Amino acid sequence: MKLAALAEAVGLDAGSAAGAEVTGFAIDHRKVAPGNVFGAFQGAVVNGEDFIPAAVSGGAIAVVARPEAKVEGAAHIADPVPRRAFARLAAQFFQPVPGTVVAVTGTNGKTSTVEMTRQVWRMCGERAASIGTLGVTTPDESVVTGLTTPDIVTFLSNMTGLAREGVTHVAYEASSHGLSQYRNEGLPVAAGAFTNLSRDHLDYHAGMEDYFAAKMRLFTEVVEDGGAAVIWADDAWSGRAMEEAGTRGLRLFTVGERGEAVRLLSHTPGHLGQELEVEIAGLRKTIMLPLIGAYQVANALVAAGLVLATGGEPARILDAVARLQPVRGRLERAAITAAGAPVYVDYAHTADALGAAIEALRPHVEHRLIVVFGAGGDRDQGKRFDMGQMASAKADLVIVTDDNPRGEDPARIRKMVLEGAPRAREIGDRREAIAAAIAAAGKGDIVLIAGKGHEQGQIVGSGSDMRVLPFDDVTVARECAAMGGNE
Ligand SMILES: CC(=O)N[C@H]1[C@@H](OP(=O)(O)OP(=O)(O)OC[C@H]2O[C@@H](n3ccc(=O)[nH]c3=O)[C@H](O)[C@@H]2O)O[C@H](CO)[C@@H](O)[C@@H]1O[C@H](C)C(=O)N[C@@H](C)C(=O)N[C@H](CCC(=O)O)C(=O)O
Ligand SMILES: Nc1ncnc2c1ncn2[C@@H]1O[C@H](COP(=O)(O)OP(=O)(O)OP(=O)(O)O)[C@@H](O)[C@H]1O
Ligand SMILES: N[C@H](CCC[C@H](N)C(=O)O)C(=O)O
Ligand SMILES: [Mg+2]
């Protein structure tokens, strides 16, 4: 493919490299191959512009960079927002892509929603995939990727790979990091969904407004013209999200008790799931959702909204929602203790999520709800106090432990959590904390182990000292439950 053709399609000037043949795209100079276009971006750690000479010696024919960057020996495709220009240009190269692509943003519920969207599509007969924290899940396999949102080159090449495998429908997770770094876009996105907004990632974003603005790029820039916005209507930020989508002229699909496209009329928690009365595009039906917790209703219905917005049939969508399978590490029932107390593992790692996970279990608790959790190191510190406070307000026994301390002193992280939960027990070692919770649980109690969900390791140290110690909450819960005994 000639660079001129790719550039013209997105209104960029290929300059001296117009006639050159493009062989690929790279954002890391170490990955540049002859004939590649290099994206030089100012990053959080280093300035990619410093690697322009190395990229050119590696064979880059053109460099997408700010107008003020210095490029010699290759064409300079100058743009004040180089990450965006690069995404648009690269998307011209990575073809074909699946015909129906949707994205989900929000503080909590993205992974669950993309996974449920994939399931609903599959049950409606489509070849569907999802991309997010759990990796890439296709009709044939599931591949763990490590990051929720990969870099733009990996993202677009994954999309092309999926299209070549015959996947026609993809739901992907658009994190605020991914959105603010233009890591997941360029290709036509038919619909975007917003689940909710609450405090997280304020180590990276300047404040809640900045965090919200990053998420809103999904509606203001990423979704294609004439596309749809699916919005959970019952969140404090929903009104503003609707305004943003409305200003852009997107087709609005609101979901929830206040939703119009997908309205939740009632939900009654049962032992193994919940009865939902739902109205979707005028069709009213009562279904059994085979999952517990109000938050899973929200995610299931936003998934239904996405399928509806991309042409799904209401009756088939509701049948599919009634057959949804649990999402790994989201209120996953891991074990039953010797005393008969169920143990759940959940990925709640914000105060809001912790509240939602505890509330999900509350209707099933006869006696006490025991929660074990910690907070991640080298991440938003302000959420720690809030998480402590939420847990102590809503649970009966709180045990504060470690969760990926990374480069921080774990005792200091726990102290910050404990400031919000002064009556909590502190047990740093996560296995011991889980064992203590399980030993303390009697008949009628429920244990919730929060924060790690599907994660397979405890991340300790940073930089060259970083290690991932194998750790799986579900396995540890089972081992501790099998040991039996009360404290
Ligand atoms: C803070 C952050 O998000 N950093 C991400 C970001 O880095 P950056 O652009 O700021 O990169 P940088 O390291 O400063 O480098 C700047 C540029 O120079 C280039 N470079 C760098 C070094 C070199 O030798 N040569 C070179 O060319 C880099 O490729 C980059 O383009 O872009 C990189 C490539 O796209 C990401 O791998 C990296 O994620 C790091 C590893 C990370 O830990 N990110 C986490 C916080 C994250 O993004 N998490 C969210 C989940 C959040 C949620 O679920 O809510 C996610 O979406 O995964
Ligand atoms: N709709 C929701 N409302 C409130 N809390 C939720 C909702 N959905 C999920 N949660 C909570 O958030 C946790 C994480 O859910 P999920 O993995 O789907 O979210 P995510 O947005 O992908 O998270 P991450 O930002 O880490 O990728 C769940 O385990 C649950 O505790
Ligand atoms: N157990 C985890 C959850 C992190 C979720 C991730 N999406 C993020 O905040 O980047 C931690 O705090 O380390
Ligand atoms: Mg996720």
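Read the figures in this text as sums done on the coordinates, not as results from a lab. Because the structure is a prediction, the values reported are computed rather than measured. When we count neighbours, we look across all protein chains shown, and the Cβ atoms used for this are built from the backbone with ideal geometry, even at glycine.
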Next on the checklist: Can you compute the radius of gyration and Dmax for the stretch 100-321, using only the Cα atoms, both in Å?
Outcome noted: 16.2, 45
Next on the checklist: Give the separation of the Cα centroids, the stretch 1-64 to the stretch 262-302, in Å.
Outcome noted: 49
Checklist entry - Relative contact order for the stretch 3-82 using alpha-carbon pairs under 8 Å, separation at least 6, rounded to a whole percent? => result 26
Next on the checklist: Skipping prolines and chain starts, which residues have an amide H placed within reach, meaning under 5 Å, of the one on H76, given they are 5 or more residues away or on another chain?
Outcome noted: S16, V63
Next on the checklist: I'd like the antiparallel share, as a percent to the nearest 5, of DSSP beta bridges with both residues in the stretch 100-321.
Outcome noted: 45
Item to check | Using alpha-carbon coordinates, inclination of helix 82-93 to the longest axis of the chain, degrees | outcome: 80
Checklist entry - lysines within cross-link reach of K2: Cα-Cα under 23 Å, excluding same-chain residues under 8 positions apart? => result K31
Checklist entry - Under a 5 Å amide H to amide H cut-off, with H placed in plane at 1.01 Å, what residues pair with L252 once short-range neighbours are removed? => result A229
Checklist outcome for this item: Residue-ordered couplings for the stretch 44-49, obtained by feeding phi - 60° into the Karplus form 6.51 cos²θ - 1.76 cosθ + 1.60 and rounding to whole Hz (Gly and Pro as x), are 6, 9, 10, 9, x, 5
Next on the checklist: Give me the three principal axis extents of the chain from the C-alpha atoms, as integers in angstrom, largest value leading.
Outcome noted: 74, 56, 39
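With r defined as the distance between the Cβ atoms of E209 and V81 and R0 fixed at 22 Å, what FRET efficiency is calculated, to the nearest 0.05? Mind showing how you got there, number by number?
On the way: r = 20 Å, r/R0 = 0.90.
E between E209 and V81, to the nearest 0.05, is 0.65.
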Item to check | the chain: relative contact order as a whole-number percent, Cα under 8 Å and 6+ apart | outcome: 10
Item to check | Whole-Hz ³J(HN,Hα) from phi, Karplus 6.51 cos²θ - 1.76 cosθ + 1.60, for the stretch 376-392, glycine and proline x | outcome: x, x, 6, 9, 2, 7, x, 6, 5, 4, 4, 5, x, 5, 4, 4, 6
Checklist outcome for this item: With x for Gly and Pro, the residue-by-residue ³J(HN,Hα) of the stretch 224-240, computed from phi through the Karplus equation 6.51 cos²θ - 1.76 cosθ + 1.60 at θ = phi - 60° and given in whole Hz, is 5, 4, x, x, 10, 10, 9, 10, 5, 8, 9, 9, 4, 9, 4, x, 5
Checklist entry - Which entries of K70/K215; K110/K215; K394/K415; K215/K285 show an alpha-carbon separation above 21 angstrom in the structure shown? => result K70/K215; K215/K285
